[in-house]
Amino acid sequence: MSSLTQSPAWLALAQHQHEIKTQHLRELFATDPDRFSRFTLHAGPLMLDYSKNRITEQTLSLLLDLAAQARLPENINRLLNGDKVNVTEHRAALHTALRNRSGQPVMLDGADVMPGVRRVLQQMREFSDAVRQGRWLGYTGRPITDVVNIGIGGSDLGPAMVTAALPADCRPLALHFVSNVDGAHLCQTLKLLDPETTLFIIASKTFTTQETLLNARSARAWFLQRAEHHDHVARHFVALSTNREEVLRFGIDPAQMFEFWDWVGGRYSLWSAIGLSIALGIGMDAFEALLQGAFEMDEHFRNSPLERNMPVILGLLDVWYINFFGAQTRAILPYDQGLNSFISYIQQLSMESNGKHVTRAGHAVDYATGAIIWGSSGTNGQHAYYQLLHQGTTLVPADFLAPMESRAPLGNHHLVLLSNFLAQTEALMRGKTEAEARRELERAGMKGEALEHLLPHKCFEGNRPSNAILFQKLDAHTLGALIALYEHRTFVQSVIWDINAFDQWGVELGKQLAQGILTELSDAAAPGTHDASTTGLIRHLRFHRN
Ligand code: G6Q
């Protein structure tokens, strides 16, 4: 047994869960008229209603004891002050420095990182302005019309999500994102483009990622088929990376490189030079509004007492459900079409950060860690999988997100959207009792055996927890705050679980194996020692591809 699961705060929560698990949210609301105001928080542009959670004041107080036991305030400071919190890679995780708008220095190993951050932001402004205003010309003197971001994982999901969430009305540039090494992804994209007016952004922190480099080489070959001369590459290829040597080796002049640093984790990198496609898509002012929104959330995280701290409360609620109710998943259900890709972004952020099986010191955990994140934008999910949320046997805590104002007002669409948002959270919480279902069936004229037969199917247990996050309108500032909220919430979980949220060794194993198998797929003589299944599949593929 680990010291965590034997600790006083943990044992007290386990005991409390035993007492509270039969209590229904309906009763909690009925007995406390102030429940909504008691369990509502504001941070920057966001409002969180967490009253529809299976908690009481005592639950919160016990969760806060757990946070104190894990020395959460000290750990927040360590993160924000540039301590090497990524213990397996001996690195800081200073994504907050990238959006530090305070004018204060951020020290790392005795040096202020802010001058470098500001220099790259200025470089991004100059470049994105020049491209957007048509001053940056392609090799035949025509302005750029299309930008293709080639990157994967953290070098793709963030920019793709932000630019999908914040479509500008009249963008001067069309943005494309190519991530998959499946040649179809690149081919389908290039089919639409003219090399004379296309700019490629090769986004890779390491500049060694197999998929990205292969896509980048194929894109360059496509470009050179038309442009013919290597000198023209300079007007059409830029690199976002920490690895100057590899960028040079690829053939991109370091003058066309936008630098970032090893203390920026891939899934935390959209705030860095990796955000160049965002700046090109929505303009540098809007990119800086995104940074500002995130900065405000950072300040809230740094300065608010734990009991009024939005990322802390959300992170502790996650722990409450995962570790004490056995919840294995969490749904993210934004009632805003712009946030459709937000789910896969948070999926990476959360699952790559906290999908860990050992503590920071390397001891196996004996408690659950990161949950599976999934979902889709409402109302679509209601007509697909919400059935399981309402009547299934798995507890799925859910985040419901909604804007109070629509970016695309159209008749009463937004009111219909909001009414569904509210109806779902209420239905999950309340459910429908047998008496209510019976009354309803009787009113519909049903009786006798037919009624008794249908009755159990029409009952809803309810008591299904959800958070509601409201904001005025989805804009850059709000989105920045929202992303930072989820980043910090993920960190809070990791502190309670004593795991490293900033490494991702699990990603490496597949990469290593794929290198060896690549040779074996094309060369029957290549040595390989695999299990019978993998060997069989390799042979089958080699034979049929021939
Ligand atoms: C993120 C992960 C991973 C990474 C990609 C791309 O935290 O480490 O998603 O971003 O593997 O890596 P490169 O940017 O180095 O190409």
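The values are calculated or read from the model by the stated rules, or taken from the named source; none is laboratory data. Everything numeric in this text was worked out from a predicted model, so none of it was measured. Cβ placement follows ideal geometry from the backbone for every residue including glycine, while neighbour counts extend to all protein chains displayed. Each accessible area value is taken on the protein alone, full model and side chains, heavy atoms only, with ligands, DNA and RNA left out. Shrake-Rupley method; radii C 1.70, N 1.55, O 1.52, S 1.80 Å.
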Original post:
Taking the Cα atoms only, what angle lies between the long axis of helix 310-319 and the longest principal axis of the chain, rounded to 10 degrees?
Top reply: 70
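May I ask which of K205/K511; K205/K356; K84/K511 have a Cα-Cα span longer than 24 Å here? Walk me through the intermediate numbers first.
Details: K205/K511 16 Å; K205/K356 22 Å; K84/K511 26 Å.
The pairs that break the limit, which is 24 Å between Cα atoms, are K84/K511.
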Subject >> Solvent exposure ordering (accessible area, 1.4 Å, most first) of T56, T163, T145, T529 >> reply: T529, T145, T56, T163
Original post:
Tell me, what is the FRET efficiency for H230 and Q512 to the nearest 0.05, using R0 = 25 angstrom and their Cβ-Cβ distance as r?
Top reply: 0.15
Original post:
What are the ³J(HN,Hα) values, in whole Hz, obtained from phi via the Karplus relation 6.51 cos²θ - 1.76 cosθ + 1.60 with θ = phi - 60°, for each residue of the range 3-18 in sequence order, with x given for Gly and Pro?
Top reply: 5, 5, 6, 9, 6, x, 5, 5, 5, 5, 5, 4, 5, 5, 4, 4
**OP:** State, as an integer percentage, the relative contact order of the range 170-285 based on alpha-carbon contacts under 8 Å between residues 6 or more apart.
**Re:** 27
**OP:** Could you tell me what percent of the DSSP beta bridges with both partners in the chain are antiparallel, to the nearest 5?
**Re:** 30
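Checking the a/c ratio against 1.5 first, then a/b against b/c, what shape does the Cα gyration tensor give for the range 340-398? Could you put the intermediate results ahead of the total?
On the way: a/c = 5.69, a/b = 1.82, b/c = 3.12.
It is oblate, given that a/c is not under 1.5 and a/b is not larger than b/c.
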Original post:
What is the packing order of peptides 292-298, 229-235, taking the mean over residues of other C-beta atoms within 10 Å and listing the highest first?
Top reply: 292-298, 229-235
Original post:
Relative to the first principal axis of the alpha-carbon coordinates of the chain, what is the inclination of helix 505-522, with its axis defined by its Cα atoms, in degrees from 0 to 90 and to the nearest 10?
Top reply: 50
**OP:** Sort out for me the Cα centre separation of the range 201-248 from the range 348-382, rounded to whole Å.
**Re:** 33
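Given R₀ = 22 Å, FRET efficiency for L11-F325 by Cβ-Cβ distance, to 0.05? Can you show the working numbers first?
On the way: r = 16 Å, r/R0 = 0.73.
E between L11 and F325, to the nearest 0.05, is 0.85.
Below 13 angstrom from the Cβ of H363, what's the summed charge of the other residues (Lys, Arg +1; Asp, Glu -1)? Don't skip to the answer; put the middle values down first.
Working: positive: K356, R360; negative: D366, D498.
The answer is 0.
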**OP:** Starting with the highest mean, order 4-12, 252-260, 537-545 by the number of other Cβ atoms within 10 Å, averaged over the residues of each peptide.
**Re:** 252-260, 4-12, 537-545
**OP:** Could you tell me the accessible area of H453 in Å² (1.4 Å probe, neighbours in place), rounded to the nearest ten?
**Re:** 130
**OP:** Please calculate the 1.4 Å probe accessible area of W505, with all protein chains present, and give it to the nearest 10 Å².
**Re:** 140
Original post:
For the residue pair K432 and L137, what label-to-label distance in nm results when each label sits 7 Å from Cα along the Cα-to-beta-carbon direction?
Top reply: 6.8
Original post:
Roughly how many whole Å is it from the C-alpha centroid of the range 114-190 to that of the range 267-340?
Top reply: 22
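To the nearest 500 deg cm²/dmol, what mean residue ellipticity at 222 nm is calculated for the chain from DSSP H runs of n ≥ 4 alone, each contributing -39,500 (n - 2.57), summed and divided by the residues?
Values: 23 runs with 260 residues, N = 546.
So the helix-based figure for the chain works out to -14500 deg cm²/dmol.
For M114, M351, write out the residues from largest to smallest accessible area, computed with a 1.4 angstrom probe and no ligands counted. Provide the component values of the computation, followed by the final result.
Values: M114 5, M351 75 Å².
Descending accessible area places them as M351, M114.
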Original post:
Based only on the alpha carbon positions, what is the Kirkwood hydrodynamic radius of the chain, in angstrom?
Top reply: 25.6
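Could you sort the peptides 208-214, 494-500 by per-residue average Cβ neighbour count (10 Å cutoff), highest mean leading?
Details: 208-214: 17.6, 494-500: 22.9.
Descending packing order for the listed peptides: 494-500, 208-214.
Lys and Arg at +1, Asp and Glu at -1: add these up for the other residues within a Cβ distance under 9 Å of E440 and post the number. Provide the component values of the computation, followed by the final result.
Values: positive: K432, R438, R439, R443, K458; negative: E436, E442.
Local net charge: +3.
Leaving out ligands, DNA and RNA, what percent of the accessible area of the range 1-126 is carbon and sulfur, probe 1.4 Å? Let's see the in-between values first.
Details: 3130 of 5990 Å².
Accessible surface attributable to carbon and sulfur in the range 1-126 totals 52 percent.
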Original post:
Remind me, what semi-axes does the range 5-117 give for its equivalent ellipsoid, largest first in whole Å, using sqrt of 5 times each Cα gyration tensor eigenvalue?
Top reply: 38, 20, 9
Original post:
Which value does Rg/Rh take for the range 115-263 over its C-alpha atoms, Rh per Kirkwood?
Top reply: 0.93
Subject >> Rounded to 10°, Cα long-axis angle of helix 57-69 versus longest principal axis of the chain >> reply: 40
Original post:
List the lysines whose alpha-carbon lies under 25 Å from that of K52, not counting same-chain residues fewer than 8 positions away?
Top reply: K21, K432, K458, K473
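Would you mind getting the accessible area per residue of the chain, heavy atoms of the protein chains only, 1.4 Å probe, in Å²? Don't skip to the end; give the middle numbers.
Numbers: 24100 Å² over 546 residues.
Averaged over the residues of the chain, the accessible area is 44 Å².
Would you list S377, S344 from the most to the least accessible area, probe 1.4 Å?
Values: S377 5, S344 45 Å².
Of S377, S344, the descending order of accessible area is S344, S377.
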**OP:** May I ask for the net charge around P254, where only other residues with Cβ less than 12 Å from the Cβ of P254 are counted and Lys, Arg are +1 while Asp, Glu are -1?
**Re:** -2
Subject >> Kirkwood-type radius of the range 499-546, with distances r between different C-alpha atoms, in Å >> reply: 12.3
